[in-house]
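Undergrad: The structure follows.
The values are calculated or read from the model by the stated rules, or taken from the named source; none is laboratory data. This structure is a prediction, so every number in the text was calculated from the model and none was measured. Heads up, the Cβs are rebuilt from the backbone with ideal geometry, glycines too, and the neighbour counts pull from every protein chain shown. What goes into the accessible areas is simple: the full protein's heavy atoms, side chains included, and nothing from ligands, DNA or RNA. Shrake-Rupley method; radii C 1.70, N 1.55, O 1.52, S 1.80 Å.
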Amino acid sequence: AKQAGKGTYILYGQNMQQHFDERVIIEKHLREAIDNNELSLQYQPKVTLRTGELWGFEALIRWNSPVLGFVSPLSFIGIAEDCRLIIPIGEWVLRKACLFLAGLHRQGLGPYHISVNISVIQLLLDDFTDTVLRILRETELNPRYLELEITESIIMESFEEISIKLEYLKQRGIGIALDDFGTGYSSLSYLKQLPITTLKIDKSFIDGLPGEGSSMPLAGSIVAIGHDMGLNVTAEGVETEEQLDFLRRVNCDKVQGYFISRPIAEGQVLAWTRQYARQ
Ligand code: C2E
Ligand code: CA
Ligand code: CA
Ligand code: CA
């Protein structure tokens, strides 16, 4: 047991060191990523379930580092938050996504919506609302076509401050989606006080659909609760036709996932959109 304990300790120690080294390396290369044009966005279609119409896209960041190769946002967003690089990166994402959508609209497509993931670090900046409104002005995008995706854990931290900012943006027509809903720890009464327009059901509740037996899967109850509160409900991570059928039966508003499309590179979006409109 002693041997095992010692072994475990050493292994753990090495992992900690490796983990730390990796963070330092990622941070070092991330610092130059914007200026070196290593970041890009992909766009994942979101579809209105009732009509099958293309509602818009979620912008998802991609990093192709000449040294590290492709690095998943799951690996670098947290680090970017810790070293506050998420501030310039997040602003870059927002501008790029709005420019992209405004460009589609200028070509006579849509109008579509764009959903952009926002970090708590951005939300807590004093000039966050100004930045969002300025980028909308600069890119000449109507606020009604922008939706911000925020996560539950985010808001718990500074409920008052964040609620005021989100309310302000919501008043100007911007959509506010609560991302990864169901994975956090918010109570329903607290949910009621949040100035949001959309609930986004986390993929983990979609994976098991439609499920067995007679009990209503949680995803169905989440849709009902969202509608009771006057919110739109979006399901993420929809991978099968069965999941789509279930979500249609429970009146989920929007769906997103590999069954409809994987995230698409900017250069392919136009072709995808035309092809989707034809089918
Ligand atoms: P998220 O916001 O929950 O985004 C959904 C993730 O699930 C994306 O992973 C997407 O590619 C993936 N996905 C979509 N449909 C399916 C499906 O049907 N099956 C499966 N297995 N996966 C699906 P991705 O692009 O790797 O992003 C991971 C996370 O990184 C995002 O989770 C989000 O939290 C964060 N992220 C991505 N882009 C940004 C960004 O620009 N800013 C910030 N702050 N966070 C971002
Ligand atoms: Ca999201
Ligand atoms: Ca999500
Ligand atoms: Ca998720």
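Undergrad: Note down all Cβ pairs under 9 Å where the first residue falls in region 16-28 and is assigned to a helix (DSSP H, G or I), the second is open to solvent by 80 Å² or more (accessible area, probe 1.4 Å), and they're at least six residues apart or on different chains.
TA: Between residues of region 16-28 that are assigned to a helix (DSSP H, G or I) and residues that are open to solvent by 80 Å² or more (accessible area, probe 1.4 Å), the close pairs are Arg23/Asp82; Ile25/Val67; Glu27/Asp82.
Undergrad: If you don't mind, there's one more thing I want to ask. Looking only at region 217-234, count how many residues are over 16 Å from Ile196 (Cβ atoms) and in contact (Cβ under 8 Å) with a residue 24 or more places away in the chain.
TA: We begin by selecting, within region 217-234, every residue over 16 Å from Ile196 (Cβ atoms); these are 217-221, 224.
Subsequent filtering for residues that are in contact (Cβ under 8 Å) with a residue 24 or more places away in the chain retains 217-220, 224.
Counting residues in region 217-234 that are over 16 Å from Ile196 (Cβ atoms) and in contact (Cβ under 8 Å) with a residue 24 or more places away in the chain gives 5.
Undergrad: Further question on the same structure: Output the number of the condition that Asn36 fails; it satisfies all remaining conditions of (1) out of contact with any Asp or Glu (no Cβ under 9 Å at 6 or more places or on another chain); (2) more than 14 Å from ligand 2 (Cβ to nearest atom); (3) not in a loop (DSSP other than H, G, I, E, B).
TA: Of the numbered conditions (1) out of contact with any Asp or Glu (no Cβ under 9 Å at 6 or more places or on another chain); (2) more than 14 Å from ligand 2 (Cβ to nearest atom); (3) not in a loop (DSSP other than H, G, I, E, B), the odd one out for Asn36 is (3).
Undergrad: Any residue that is of a type in the set (S, T, N, Q) and within 13 Å of ligand 1 (Cβ to nearest atom) - is there at least one of those in region 150-160?
TA: Going residue by residue through region 150-160, those that are of a type in the set (S, T, N, Q) are 151, 153, 158.
Narrowing further to those that are within 13 Å of ligand 1 (Cβ to nearest atom): 151, 153.
Within region 150-160 (the criterion being of a type in the set (S, T, N, Q) and within 13 Å of ligand 1 (Cβ to nearest atom)), the answer is yes, since at least one residue qualifies.
Undergrad: Right, next: Which condition from (1) away from ligand 3 (no atom under 16 Å from the Cβ); (2) in contact with a strand residue (DSSP E or B) (Cβ under 9 Å, 6 or more places away or on another chain); (3) under 28 Å from Ile201 (Cβ atoms); (4) not β-branched (Val, Ile, Thr) is the one that Trp92 breaks?
TA: Result: Trp92 fails condition (3) only.
Undergrad: Continuing with this model, one more query. Based on this model, can you work out whether Leu247 counts as more than 16 Å from ligand 2 (Cβ to nearest atom) and in contact (Cβ under 8 Å) with a residue 40 or more places away in the chain?
TA: Numbers: more than 16 Å from ligand 2 (Cβ to nearest atom): yes; in contact (Cβ under 8 Å) with a residue 40 or more places away in the chain: yes.
Spelling it out, Leu247 is indeed more than 16 Å from ligand 2 (Cβ to nearest atom) and in contact (Cβ under 8 Å) with a residue 40 or more places away in the chain.
Undergrad: Turning to a different aspect of this structure: Mind checking which residues of region 121-132 are of a type in the set (A, V, I, L, M) and open to solvent by less than 50 Å² (accessible area, probe 1.4 Å)?
TA: So in region 121-132, the residues of a type in the set (A, V, I, L, M) come out as 121, 123-125, 132.
Residues satisfying the conditions are Ile121, Leu123, Leu125, Val132.
Undergrad: Moving on to the next point. Any residue in region 41-58 that is at pLDDT 95 or above and over 30 Å from Leu244 (Cα atoms)?
TA: no
Undergrad: Mind listing whichever residues of region 45-90 are assigned to a helix (DSSP H, G or I), open to solvent by 30 Å² or more (accessible area, probe 1.4 Å) and either hydrophobic (A, V, I, L, M, F, W, C) or closer than 18 Å to His113 by Cα (or both)?
TA: Hits for region 45-90 are Leu74, Ile77, Ile87.
Undergrad: Further question: Can you say whether Asn142 is touching a strand residue (DSSP E or B) at 6+ places or on another chain (Cβ under 8 Å) and open to solvent by 50 Å² or more (accessible area, probe 1.4 Å), as far as the supplied structure shows? I'd like the intermediate steps shown before the answer.
TA: On the way: touching a strand residue (DSSP E or B) at 6+ places or on another chain (Cβ under 8 Å): no; open to solvent by 50 Å² or more (accessible area, probe 1.4 Å): yes.
No; evaluated as a whole, the condition is false for this residue.
Undergrad: Another question, if that's okay. Output the residue which, of all residues in region 218-253 that are away from ligand 1 (no atom under 14 Å from the Cβ) and assigned to a loop (DSSP other than H, G, I, E, B), is surrounded by the fewest Cβ atoms within 10 Å (Cβ to Cβ).
TA: Gly230
Undergrad: Is it the case, given these coordinates, that Val93 is β-branched (Val, Ile, Thr), at pLDDT below 95 and within 16 Å of ligand 2 (Cβ to nearest atom)? It would help to see each step written out before you state the result.
TA: Values: β-branched (Val, Ile, Thr): yes; at pLDDT below 95: no; within 16 Å of ligand 2 (Cβ to nearest atom): yes.
Spelling it out, it is not the case that Val93 is β-branched (Val, Ile, Thr), at pLDDT below 95 and within 16 Å of ligand 2 (Cβ to nearest atom).
Undergrad: Can you tell me which residue is surrounded by the most Cβ atoms within 10 Å (Cβ to Cβ) among those in region 102-120 that are within 16 Å of ligand 2 (Cβ to nearest atom) and either in a helix (DSSP H, G or I) or polar (S, T, N, Q) (or both)?
TA: Restricting attention to region 102-120, the residues satisfying the condition of being within 16 Å of ligand 2 (Cβ to nearest atom) are 113-120.
Now restrict to residues that are either in a helix (DSSP H, G or I) or polar (S, T, N, Q) (or both): 115, 117, 119-120.
Details: Ser115: 27, Asn117: 21, Ser119: 20, Val120: 17.
My answer is Ser115.
Undergrad: Do you know which residues across region 196-217 are in a loop (DSSP other than H, G, I, E, B) and either modelled with pLDDT of 90 or more or closer than 17 Å to Ser153 by Cβ (or both)?
TA: Of the residues in region 196-217, the ones in a loop (DSSP other than H, G, I, E, B) are 196-197, 202, 207-217.
The answer is Ile196, Thr197, Asp202, Asp207.
Undergrad: Restricting to region 14-56, count the residues that are more than 16 Å from ligand 4 (Cβ to nearest atom) and under 23 Å from Asp253 (Cβ atoms).
TA: Keep residues of region 14-56 that are more than 16 Å from ligand 4 (Cβ to nearest atom), which gives 14-41, 43, 45, 47-56.
Still in the list and also under 23 Å from Asp253 (Cβ atoms): 43, 45, 47-56.
Here the count works out to 12.
Undergrad: Answer yes or no as to whether Gly257 is at positive phi, open to solvent by less than 70 Å² (accessible area, probe 1.4 Å) and in contact (Cβ under 8 Å) with a residue 24 or more places away in the chain. So that I can check it myself, show each step before the final result.
TA: Values: at positive phi: yes; open to solvent by less than 70 Å² (accessible area, probe 1.4 Å): yes; in contact (Cβ under 8 Å) with a residue 24 or more places away in the chain: yes.
Yes.
Undergrad: Could you look through region 130-184, keep only residues that are modelled with pLDDT of 95 or more and on the phi > 0 side of the Ramachandran plot, and pick out the one that is nearest to ligand 2 (Cβ to nearest atom)?
TA: In this case the residue turns out to be Gly173.
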